[in-house]
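I have placed the structure first, in the form of structure tokens, so that the comments after it can refer back to it.
The values are calculated or read from the model by the stated rules, or taken from the named source; none is laboratory data. The structure displayed is predicted, hence computed values, not measured ones. Glycine gets a Cβ as well: all are built from the backbone with ideal geometry, and neighbour counts include every protein chain shown.
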Amino acid sequence: MSTSSSTYSAPLSSITAGGFIKLIGLLLIALGILGMMVAAFGGEAASPVSTGLTGIAAVTAGGLMYIWQVRRQKSVAEQNNGAWQNDMTTRGASAWVTGVVLTGFYILLYWFPTTLHGLVLAVEPLSQWLRNRPADHWFLYGTFYTLAILVMGVHALLKYRNSNYHIIRTISVMFFQLGFAFLLPALLLALNQPEFYFSYFWPLKYDYLFPGTVSYLIDNGAALGVFMVFWGAVLSFIATPILTYYFGKRWYCSWVCGCGGLAETAGDPYRHLSDKSKKAWQWEVAIIYPILGFIIITTLVLWINSWSEGRLLGNLSSGFSSTYGFFIGAMFSGVVGVGFYPIMGNRVWCRFGCPMAAYLGLLQKHFSRFRITTNGGQCISCGNCSTYCEMGIDVRHYAQQGEPIIRASCVGCGICAHVCPRGVLKLENGPRENRFAATPLIKRSDVGILN
């Protein structure tokens with residue numbers, strides 16, 4: 001007769017300390033989402049401030065707790081494990097649901113902002129404290145956008161914690177979004193100055209050099225407004241070519257830009273979904289450069305019409321501007337650019353639609369010192385570099401041939417070099433001489449073992 005006895009363990013007794021932290025994080029996220037839903041749809045049943053603002057804080061805290069525990073317990077070699085097995089990162093059902101929710105949010109934001117009134121009220125105290133004026137749907141969007149970069153920036157810092165380059169790069173995009181794209185514009189409004197984003201400029205912030213915007217800044221900002229116009233013009237036409245000559249487009253696309261900042265943080269889990277096919281590259285070239293041309297023509301047409309006091313082109317110039325604003329500024333950069341992260345990867349807007357990326361890309365390819373050099377003799381054709389290139393570049397092809405990667409679309413994020421197990425790739429700002437020269441490869445005929 002057996003004398004062994006069985007013991008009963010409580011359902012939570014097997015949860016480790018790390019598992020408990022993850023559980024608490026998920027619980028906070030769930031409660032936070034519930035609070036924001038009550039703020040959005042609860043009407044007068046509950047205070048939008050107490051439910052919505054508390055919900056936003058709970059989602060933020062819960063997300064940080066969950067990310068910290070999940071990423072910290074993985075070694076640096078395991079950070080990408082399961083990328084092609086996870087339903088969320090392989091265009092599974094949860095990815096499609098996320099994409100629909102993001103797309104729906106942008107549609108409401110741009111064309112039905114009154115539906116977000118409850119959430120706007122939730123951030124009213126924050127708006128009054130920062131800007132000394134009532135909140136609107138754009139302040140709500142800026143708050144969500146900044147929190148997404150900060151929270152997922154922690155995710156990126158933990159994921160790439162063994163690389164100083166990626167740590168500094170991630171801190172940089174977090175700093176510019178929080179400081180230059182959120183707090184500084186709010187401070188300007190609090191001081192009754194025109195709202196201005198110093199980290200955005202033409203042609204990305206296309207209206208900053210439109211005559212109407214220039215007049216508004218000068219008339220309402222006085223000397224500061226003149227500086228804002230001067231800042232935008234200098235950054236667009238002087239600083240951008242100089243910085244791109246030395247550092248390639250990465251100085252902006254991967255270090256400063258808010259669009260790139262969101263892609264490198266919140267969009268990082270989806271970077272492997274970018275299309276690497278030749279057809280995708282052909283579409284990229286066919287779309288992005290005409291968009292750059294369109295904004296150049298639009299800017300010129302607006303100024304011509306302004307100088308002629310509307311006699312030359314009439315309402316045609318405003319038609320150009322509104323057309324660009326609807327199809328490119330709203331539909332492409334917002335609805336498609338972010339809403340399609342879980343389906344098409346994290347750089348849809350940067351790759352196919354951003355006029356700033358097109359402008360920087362032309363400078364990078366033809367006038368820059370930047371390139372990614374390859375040590376072809378060490379390449380084992382594992383394909384990690386191509387898989388995790390968010391811009392859809394077949395990096396492995398270049399590495400196999402020992403050719404440097406000099407592509408207009410490359411944003412210099414450096415993930416290809418980070419995931420290479422052999423150290424084949426290296427980001428360089430070398431001299432332009434022999435910039436396209438390939439690394440000499442050892443051929444079979446050069447060995448001569450049997451001779």
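In region 129-148, the residues that are under 16 Å from I56 (Cα atoms) form Cβ pairs under 7 Å with partners that are small (G, A, S) and buried (at least 19 other Cβ atoms within 10 Å of the Cβ), at six or more places apart or across chains, as follows: A135/S127; F139/S127; A148/A266. Residue pairs whose Cβ atoms lie under 6 Å apart, sitting 6 or more positions apart in sequence or on different chains, and linking a residue in region 412-424 that is outside the structural domain of N346 (by TED's automatic domain parsing) to a partner that is among the aromatic types (F, W, Y) and in a helix (DSSP H, G or I), are G414/Y165.
The combined condition, being farther than 27 Å from W129 by Cα, of a type in the set (A, V, I, L, M) and at pLDDT below 95, is fulfilled by L209. Screening G212 on (1) in a helix (DSSP H, G or I); (2) under 19 Å from G414 (Cβ atoms); (3) in contact (Cβ under 8 Å) with a residue 60 or more places away in the chain shows it passes everything except condition (2).
State which residue is farthest from E390 (Cα to Cα) when the search covers only region 248-291 and only residues that are among the hydroxyl-bearing types (S, T, Y) and surrounded by 23 or more Cβ atoms within 10 Å (Cβ to Cβ). Lay out the reasoning, then the answer.
So the first thing to find is which residues in region 248-291 are among the hydroxyl-bearing types (S, T, Y), and the list is 252, 254, 265, 270, 274, 277, 289.
Filter again for surrounded by 23 or more Cβ atoms within 10 Å (Cβ to Cβ), leaving 252, 254, 265, 270.
Numbers: Y252: 16, S254: 12, T265: 12, Y270: 8 Å.
Out of the qualifying residues, it is Y252.
Restricting the search to region 94-116, which residues are of a type outside the set (V, I, T) and over 27 Å from I415 (Cα atoms)? Can you show your working first?
To start, the set of residues in region 94-116 that are of a type outside the set (V, I, T) comprises 94-96, 99, 102, 104-106, 108-113, 116.
Of everything in region 94-116, those that are of a type outside the set (V, I, T) and over 27 Å from I415 (Cα atoms) turn out to be G104, F105, Y106, L108, L109, Y110, W111, F112, P113, L116.
Can you pull out every residue in region 254-309 that is in contact (Cβ under 8 Å) with a residue 12 or more places away in the chain, aromatic (F, W, Y) and either part of a helix (DSSP H, G or I) or in contact with a His (Cβ under 6 Å, 6 or more places away or on another chain) (or both)? The answer is Y270, W281, W283, Y289, F294, W303.
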